[in-house]
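Chemist: Take a look at the following structure, please.
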Amino acid sequence: MKPGTLGAACLAVIRRDLTLSWRRRGDALNPVLFALVVVTLFPFALGPEPNQLARIAAGIVFVAILIAGVLALDSMFRSDCDDGALEQLVLSPHPLPLLLACKILVHWTTTALPLIVAAPLLAEMLHLQHAVLPVLLAALALATPLLSLLGAVCVALTVGMRRSGMLLALLVLPLYVPVLIFAAGACDAAQAGLPYLAPLLWLGAALVLALVLAPLACAAALRISIT
Amino acid sequence: MNKLTLWFHKFGSPPVFHRIGGLLAPWLFAAALVLMAVGLYGGLVLAPADYQQSDAYRIIFIHVPCAWMSLFIYFFMAANAFIALVWRIKISEILAMTSAPIGAAFTAITLATGALWGKPMWGTWWTWDARLTAELVLLFLYLGVIGLYHAIEDRRQAARAAGFLALVGVVNVPIVHFSVKWWNTLHQGSTVRLLGPSAIDSSMLWPLLVMALATKLWFFASLFVRARNDLVELEAGKDWARKVALGEGDGA
């Protein structure tokens with residue numbers, strides 16, 4: 001691809017972010033370990049009774065992955081903000097929303113994708129019915145990019161702050177409520193033997209909408225934060 | 001420029017707003033208090049007891065106006081945030097940010113009165129019903145805006161960032177509303193309608209509407225008082241603000 005074009009710029013952002021996360025590839029395991037530990041805590045709190053755990057397994061897996069995602073959000077722009085790369089991105093002649101979309105994509109690949117891969121293990125630990133597992137994975141595949149996109153908007157607003165962890169959770173969790181409802185709703189329906197396609201389609205629709213709008217909102221928020 | 005636009009532009013200037021707000025606030029407070037007294041007398045004394053809920057229903061004269069205000073203020077805040085982001089009007093930034101705590105207070109009152117009513121009627125303080133949950137999420141949205149506003153050092157940048165969050169929240173409010181409705185509902189539907197006949201007796205309706213007006217006036221009175229304070233703080237370096245602070249006239 002010709003250097004200087006939009007495609008080249010997007011590719012460069014993707015390659016740079018992938019390289020950076022490859023150099024610190026241990027970090028990609030952190031969200032997975034966190035979700036694993038959280039899931040382990042539930043049987044201690046609720047008792048090891050398999051039927052009871054199986055009933056709420058999908059919900060627990062979802063909440064664990066969601067919280068792991070919130071904790072991982074902070075790293076989306078953190079190092080780039082510290083070393084000034086983010087400002088260069090804002091100043092670049094290419095459309096900022098597209099470049100940010102590339103960054104969000106890489107962030108999703110490095111933090112959420114390992115969580116989806118680990119989801120069957122988490123589900124098995126909680127005795128989730130095997131028939132529900134494909135629905136859970138499908139819901140996760142649709143929901144996690146949505147969470148990353150919505151989260152990116154909030155991260156962009158808090159990007160300059162030093163201790164933004166708790167605040168970020170407060171900003172982002174109300175936005176995650178509908179996603180959680182539809183994703184967990186699909187699994188619940190599947191578990192009860194009811195049709196589960198509708199909530200999945202809603203998630204898909206929301207994902208398409210967020211794919212278009214969230215990078216724009218993220219860019220606008222970033223321009224407010226970086227002045 | 002015609003008179004109305006001129007007045008509008010003047011209203012956007014901090015010293016003029018400070019003066020007009022100071023003139024209006026006491027009157028608005030007084031009118032709100034009078035209307036509240038009338039509305040509460042009508043609701044608590046004059047209105048007949050409900051045939052099903054007897055006297056317990058009377059909390060709606062506080063609960064329902066506050067619930068209306070919680071949404072009204074959110075949209076008021078978002079509208080001001082939009083104006084502030086697009087046209088960079090200082091007054092709008094301040095109005096958006098000062099309405100957030102008032103809106104959060106109304107939302108908290110709605111939740112508290114709802115819980116007080118729910119205990120005798122539903123037998124529980126809290127239930128994971130759609131409307132209750134949506135109201136709770138609304139409270140979180142308010143708290144997020146307030147938290148973000150106070151987390152950023154630069155006041156104007158903070159107002160812009162928090163205002164942007166409020167706008168994102170506006171998209172979220174209807175989505176939350178419908179998704180939780182789909183999820184679980186127990187709360188009764190609304191009985192007061194803008195279009196078509198209301199399913200509530202007029203002896204109960206008028207105190208409700210009076211209270212709704214009273215809470216609105218209270219909101220604007222409280223908004224002006226808070227906005228004046230923030231305005232003086234924000235404009236601390238300016239001449240008019242120094243005059244106001246030293247008590248040398250109203251600055252305008």
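Chemist: Being within 12 Å of chain A (Cβ to nearest Cβ), within 30 Å of B:Phe61 (Cα to Cα) and not in a loop (DSSP other than H, G, I, E, B) narrows it down to one of B:Leu138, B:Leu111, B:Leu95, so name that one.
Modeler: B:Leu138
Chemist: When you scan the stretch B:155-182, how many residues do you find that are modelled with pLDDT under 90 and more than 8 Å from every other protein chain (Cβ to nearest Cβ)?
Modeler: 9
Chemist: Could you pull out the residue among B:Ala67, B:Ala32, B:Ala100, B:Ala47 that is in contact with a helix residue (DSSP H, G or I) (Cβ under 8 Å, 6 or more places away or on another chain), closer than 14 Å to B:Ala227 by Cβ and among the small types (Gly, Ala, Ser)?
Modeler: Just a single option satisfies the conditions, and that option is B:Ala100.
Chemist: Take A:Pro145 and decide whether it is modelled with pLDDT of 95 or more, in a helix (DSSP H, G or I) and either away from chain B (no Cβ under 14 Å) or on the phi > 0 side of the Ramachandran plot (or both).
Modeler: Considered against the rule, which asks whether it is modelled with pLDDT of 95 or more, in a helix (DSSP H, G or I) and either away from chain B (no Cβ under 14 Å) or on the phi > 0 side of the Ramachandran plot (or both), A:Pro145 comes out as yes.
Chemist: Give me a count of the residues in the stretch B:198-238 that are at pLDDT below 85 and part of a helix (DSSP H, G or I).
Modeler: So the count comes out to 4.
Chemist: Is it the case, given these coordinates, that B:Ile152 is surrounded by 19 or more Cβ atoms within 10 Å (Cβ to Cβ), within 10 Å of another protein chain (Cβ to nearest Cβ) and modelled with pLDDT of 85 or more?
Modeler: yes
Chemist: List pairs: first in the stretch A:214-227 and at the interface with chain B (Cβ under 10 Å from one of its Cβ atoms), second of a type in the set (Ser, Thr, Tyr), Cβ under 9 Å, 6+ apart or cross-chain?
Modeler: Filtered contacts from the stretch A:214-227: A:Ala214/A:Ser148; A:Ser225/A:Thr158.
Chemist: Please work out if A:Gly193 is assigned to a loop (DSSP other than H, G, I, E, B) and touching a residue at least 40 places away in the same chain (Cβ under 8 Å).
Modeler: no
Chemist: Taking the condition within 23 Å of A:Leu137 (Cβ to Cβ) and at pLDDT below 90, does A:Leu29 pass?
Modeler: It is true that A:Leu29 is within 23 Å of A:Leu137 (Cβ to Cβ) and at pLDDT below 90.
Chemist: Just one of the numbered conditions (1) assigned to a helix (DSSP H, G or I); (2) surrounded by fewer than 24 Cβ atoms within 10 Å (Cβ to Cβ); (3) facing chain B (nearest Cβ under 7 Å) is not true of A:Ala138; which one?
Modeler: Here A:Ala138 meets the rest and fails (3).
Chemist: Just to be sure, is B:Ala79 surrounded by fewer than 19 Cβ atoms within 10 Å (Cβ to Cβ), among the hydrophobic types (A, V, I, L, M, F, W, C) and out of contact with any Ser or Thr (no Cβ under 8 Å at 6 or more places or on another chain)?
Modeler: yes
Chemist: Could I ask something else about it? Does A:Val153 count as within 11 Å of another protein chain (Cβ to nearest Cβ), surrounded by 20 or more Cβ atoms within 10 Å (Cβ to Cβ), part of a helix (DSSP H, G or I) and of a type in the set (Val, Ile, Thr)?
Modeler: Spelling it out, A:Val153 is indeed within 11 Å of another protein chain (Cβ to nearest Cβ), surrounded by 20 or more Cβ atoms within 10 Å (Cβ to Cβ), part of a helix (DSSP H, G or I) and of a type in the set (Val, Ile, Thr).
Chemist: When both residues are 6+ apart or on different chains and their Cβ atoms are under 6 Å apart, which pairs have a first residue that lies in the stretch A:158-176 and is more than 8 Å from chain B (Cβ to nearest Cβ), and a second that is buried (at least 18 other Cβ atoms within 10 Å of the Cβ) and assigned to a loop (DSSP other than H, G, I, E, B)?
Modeler: A:Val159/A:Phe77; A:Leu168/A:Thr158
Chemist: Has the stretch B:73-91 got at least one residue that is away from chain A (no Cβ under 14 Å), under 22 Å from A:Val172 (Cα atoms) and of a type in the set (Ser, Thr, Tyr)?
Modeler: no
The values are calculated or read from the model by the stated rules, or taken from the named source; none is laboratory data. In this text, all values refer to a predicted model and were calculated from it rather than measured experimentally. Neighbour counts run over all protein chains shown; Cβ positions are idealised from the backbone, glycine included.
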